[in-house]
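S.K.: This is the structure I have questions about; it appears just below.
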Amino acid sequence: MLRKLLGIAAVSFLSISAASISQAGETLDRIKNKGVLTVGTNSDWAPQAFLNSENEMDGFDVDVARAIAKRLGVDVTFVTPGWEVMTAGRWSGRWDIVVGSMTPTAKRAEVLDFPGVYYYTPAVFAVHNDFTGDKVTDLNDKTIGVTPSSTYHLYLQHELKIDAKGVPSFEYQVTPSEIRTYGAGLSEFDDLRLGNGKRLDGILQSLPTVLSAIEKGMPIRQLGEPVFYEPLAIAVDKGDDDFNLQIASVIEELREDGTFKALSEKWYGVDYTSTK
């Protein structure tokens with residue numbers, strides 16, 4: 001479905017071969033000296049990133065981060081700061097990159113660099129099974145739950161701008177009466193499962209996350225068609241152009257050799273990494 005709707009994507013991010021990079025930059029020097037790539041991501045956002053039954057980090061984003069670290073020739077460790085902290089930039093070396101399914105919006109690009117997109121996902125509304133409507137517009141003037149500082153939040157505020165080429169245009173179809181933000185993982189799902197209109201009338205999230213919740217038995221369903229499609233990128237802090245180029249090269253290599261495709265099919269059963 002995604003490949004048919006998106007068409008040809010020409011991502012407006014740097015992609016350059018490692019052989020043409022003369023210097024790695026201070027960030028990569030630090031990583032090499034430590035022998036560890038420190039990755040910022042989520043800890044409770046399945047299937048992208050979560051703690052598994054053995055209390056270990058797991059998920060699509062986690063495997064992508066491991067693949068990047070392996071290509072750099074170092075180990076990997078994960079930290080899980082809040083989403084608002086990761087998107088704010090100026091990390092002061094607390095972590096080296098973010099692999100957290102982040103959309104490269106114009107506002108975020110003021111403080112972060114996005115060396116490459118690694119997959120694309122549809123954004124959908126979900127409602128309790130008892131919700132009587134069947135159209136996205138049935139959520140107008142309703143209470144919607146969302147992750148703060150996310151593209152979903154920006155969409156509900158009618159302030160979303162996605163700059164990557166090849167992404168379909170979209171319209172704001174829903175104007176909520178109230179937007180409730182949930183900073184602790186996917187706790188908006190817990191409120192929605194309590195019943196139709198108990199605390200929430202709907203939520204806005206990525207399709208893979210909604211499908212994962214449904215598969216786990218939550219009494220919710222997707223409402224209507226996707227309202228927008230978002231390119232999801234690796235993020236690095238501004239200030240080290242050489243590191244930005246190095247990560248761009250690694251991302252291109254992992255795309256070309258099929259690593260991203262294989263990981264997407266492993267976790268989602270669908271190749272979300274291609275728009276063709």
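S.K.: Taking 8 Å as the Cα distance limit and 6 or more residues as the minimum spacing, I'd like the relative contact order of the chain as a percentage.
M.R.: Values: 559 pairs, mean separation 88.5, N = 276.
Computed over the chain, the figure is 32 percent.
S.K.: Run through the DSSP bridge list for the stretch 122-229 and note the antiparallel percent, rounded to the nearest 5.
M.R.: Values: 10 of 16 bridges.
Of those bridges, close to 60 percent are antiparallel.
S.K.: For the chain, what is the charge dipole size about the Cα centre, in debye to the nearest 20, if Lys and Arg each add +1 at the Cβ and Asp and Glu each add -1 at the Cβ? Can you show the working numbers first?
M.R.: Working: 27 positive and 38 negative charges, 36 e Å.
Dipole magnitude for the chain comes out near 180 debye.
S.K.: Provide the percentage of antiparallel DSSP beta bridges, counting only those with both residues in the chain; round to the nearest 5.
M.R.: Numbers: 25 of 38 bridges.
So the antiparallel bridges amount to about 65 percent of the total.
S.K.: Kindly put Arg199, Arg71 in sequence by how many other C-beta atoms sit within 10 Å of each C-beta, fewest to most. Before the final figure, lay out each step's value.
M.R.: Numbers: Arg199 14, Arg71 19.
With the fewest neighbours first, Arg199, Arg71 line up as Arg199, Arg71.
S.K.: Something else: How high is the FRET efficiency from Asp141 to Arg30, r the C-beta distance, R0 51 Å, rounded to 0.05? If you can, show how the numbers build up before the last one.
M.R.: Working: r = 51 Å, r/R0 = 1.00.
Efficiency at R0 = 51 Å is approximately 0.50.
S.K.: Asp44 versus Glu256, label points 7 Å from Cα toward the beta carbon: distance in nm?
M.R.: So the label points at Asp44 and Glu256 sit 4.1 nm apart.
S.K.: Work out the charge dipole of the stretch 122-229 with +1 on the Cβ of Lys and Arg and -1 on the Cβ of Asp and Glu about the Cα centre, then indicate which of Ile144, Val174, Phe189 is farthest towards its positive end.
M.R.: Phe189
S.K.: Take the residue pairs Lys70/Lys238; Lys32/Lys70; Lys32/Lys107 and return only those whose Cα atoms are more than 19 Å apart.
M.R.: Details: Lys70/Lys238 23 Å; Lys32/Lys70 12 Å; Lys32/Lys107 31 Å.
From Lys70/Lys238; Lys32/Lys70; Lys32/Lys107, over 19 Å: Lys70/Lys238; Lys32/Lys107.
S.K.: Something else now. Hey, can you rank 35-41, 255-261 by average C-beta count inside 10 Å, highest first?
M.R.: Details: 35-41: 21.0, 255-261: 15.9.
Most protected by this proxy first, the peptides run 35-41, 255-261.
S.K.: Could you sort the peptides 44-57, 116-129, 168-181, 141-154 by per-residue average Cβ neighbour count (10 Å cutoff), highest mean leading? All intermediate terms of the calculation are to be shown ahead of the outcome.
M.R.: Details: 44-57: 16.0, 116-129: 23.0, 168-181: 13.4, 141-154: 20.9.
The packing order, highest mean first, is 116-129, 141-154, 44-57, 168-181.
S.K.: For a footprinting-style exposure proxy, rank Asp237, Asp61 by other Cβ within 10 Å, fewest first.
M.R.: Values: Asp237 21, Asp61 29.
With the sparsest Cβ surroundings first, the list reads Asp237, Asp61.
S.K.: Using only the Cα atoms of the chain, build the gyration tensor, take square roots of its eigenvalues as a ≥ b ≥ c, and label the shape rounded, prolate or oblate: rounded if a/c is under 1.5, else prolate if a/b is larger than b/c, else oblate.
M.R.: Numbers: a/c = 1.88, a/b = 1.70, b/c = 1.10.
The shape class here is prolate.
No lab work stands behind these numbers, since they all come straight from the coordinates. These figures come from a predicted structure and were not determined experimentally. Neighbour counts run over all protein chains shown; Cβ positions are idealised from the backbone, glycine included.
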